[in-house]
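Report on the structure given below.
What follows is calculated from the coordinates using simple rules that are stated; it is not laboratory data. Everything numeric here is computed off the predicted structure, so don't read it as measured data. We place every Cβ from the backbone using ideal geometry, glycine too, and count neighbours over all the protein chains shown.
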Amino acid sequence: MKSTVLIADLQDRYHSAAQAQEFIRLAARCGATAASLRFCTQQQAPSPIGAPHIAALGEEAERAGVLLLPTPWDLTALSQLCQLSVPLLHLPGHLLADPQALELAAATGRPIIAMAGLCTMPELKAAASYLKQLQAGPLTVLQSGSQGEVPADRANLRAMVLLKGSLQCSVGYADHTRSIEAAIAAVAIGAEVVQKPVHLDSPLPHTLSMEEFAGLAAAIRRLGGALGTGRRDLIEQDLIERSRTYTGLAAARPIAAGQTVTADDLCVAAGGGLSPLLAAAFISAPAPRDYAPGDPIDLIS
């Protein structure tokens, strides 16, 4: 199974470039795939992280082994970001609803991770359709809501299924609940990307400390292994136990490879062979190999 992309999203509003470097290193140590921080040029809420810092922060992220995801908060920031060497674009919901922002993002050809935010389904469908028309890079939409705290009973994780089917794109979840359960459950439902807000020194109800984020990352990695492949494959240990506890079809007499199998060639015996319920799949078919009397008939996956 493909590993879940786990984004640590820094929520400290007035972070400095030095704090950003510290955050990137911490995110890597705590198991994040990517480190996201806000990039804003608006005068009422400027970010200390500007275009001149992005290249240096990108190099820091590369050394640490994580992706840097500056989140442009306005069109000017997005325009500047599109001119820089960032591996993909990370858009807030209000820019996903802005045609000019979509045109800027699409022109780069880079993958786009976008939060659904407060967009309606018709707006999301229109945005996905417009990006496809513009031949944009691959799109991933994150089920999300307000930028503030979201009560757990409003997380609406099942909306990811709707988004995936309606938008024909990859999906994920941006978790603004107080705990980590919704983020973990999102992976089980099919989230390919999980984003969780974190703080360094200004905690909010829906943010995690970096130590708490490390716990979330570990839980998601464990869950990824438990989800498996989606196939019903029996491993060697299963086959050994089955041979001791299951009765099934076995060869009643020698059967040569390629020989057309008849009912008289088969019997039911211990050994874990194919269930008699599936005998019809084997009778009148060519034997896949040689069988000696008593050999269990091979399982059909």
Original post:
Given the rule -39500 (n - 2.57) for each run of at least 4 DSSP H residues, summed and divided by the residues of the chain, what is its mean residue ellipticity at 222 nm, to the nearest 500 deg cm²/dmol?
Top reply: -11000 deg cm²/dmol
Subject >> Degrees, to the nearest 10: 121-133 long Cα axis against longest axis of the chain >> reply: 90
**OP:** Fewest Cβ neighbours within 10 Å first, please rank K2, K125, K164 accordingly.
**Re:** K2, K125, K164
Original post:
By how many degrees, between 0 and 90 and to the nearest 10, does the Cα long axis of helix 236-245 differ from the longest principal axis of the chain?
Top reply: 40
Original post:
Out of residues 5 or more away from Q195 or on other chains, whose amide H comes under 5 Å of its own, with H placed 1.01 Å from N in the peptide plane?
Top reply: I7, Y173, A174, D175
Subject >> Cα centroid of region 263-298 to Cα centroid of region 239-255, whole Å >> reply: 8
**OP:** Determine, for D175, D295, D290, D9, the number of other Cβ atoms within 10 Å of each Cβ, and report the residues in order from fewest to most.
**Re:** D290, D295, D9, D175
**OP:** With θ set to phi - 60°, apply the Karplus curve 6.51 cos²θ - 1.76 cosθ + 1.60 along region 254-263 and write out the HN-Hα couplings as whole Hz, x wherever there is a Gly or Pro.
**Re:** x, 10, 8, 4, x, 5, 6, 7, 10, 4
Subject >> lysines whose Cα lies under 19 Å from that of K125, excluding same-chain neighbours fewer than 8 positions away >> reply: K164
Original post:
Once amide H atoms are placed 1.01 Å from N in the peptide plane, what residues at a sequence separation of 5 or more from S170, or on another chain, have their amide H within under 5 Å of its amide H?
Top reply: L139, V141
Subject >> Karplus-derived HN-Hα couplings along region 266-273 (A = 6.51, B = -1.76, C = 1.60, θ = phi - 60°), whole Hz, x at Gly and Pro >> reply: 10, 9, 10, 8, 5, x, x, x
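Could you please report the charge total around L69, scoring K, R as +1 and D, E as -1 over all other residues with beta-carbon less than 12 angstrom from its beta-carbon?
Values: positive: R38, R110; negative: D9.
Net charge in that neighbourhood comes out at +1.
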Original post:
So how do I113, I235, I184 line up by other beta-carbon neighbours within 10 Å, fewest first?
Top reply: I235, I184, I113
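Write down the Kirkwood hydrodynamic radius of the chain, to one decimal in angstroms, obtained as one divided by the mean of 1/r over all alpha carbon pairs.
Numbers: mean 1/r = 0.0450 Å⁻¹.
With all distinct Cα pairs of the chain included, I get 22.2 Å.
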**OP:** Note the angle between two axes, namely the Cα long axis of helix 210-227 and the longest principal axis of the Cα atoms of the chain, as a number of degrees from 0 to 90, rounded to the nearest 10.
**Re:** 30
Original post:
Q135 to D238: extension gain in nm, 0.36 nm per residue of separation minus the Cα-Cα distance?
Top reply: 32.3 nm
**OP:** Two decimals is fine: what is log10 I(q)/I(0) at q = 0.14, 0.15, 0.16, 0.23 Å⁻¹ for region 232-301, from a Debye sum with one equal scatterer on every Cα and no solvent?
**Re:** -0.38, -0.43, -0.49, -0.97
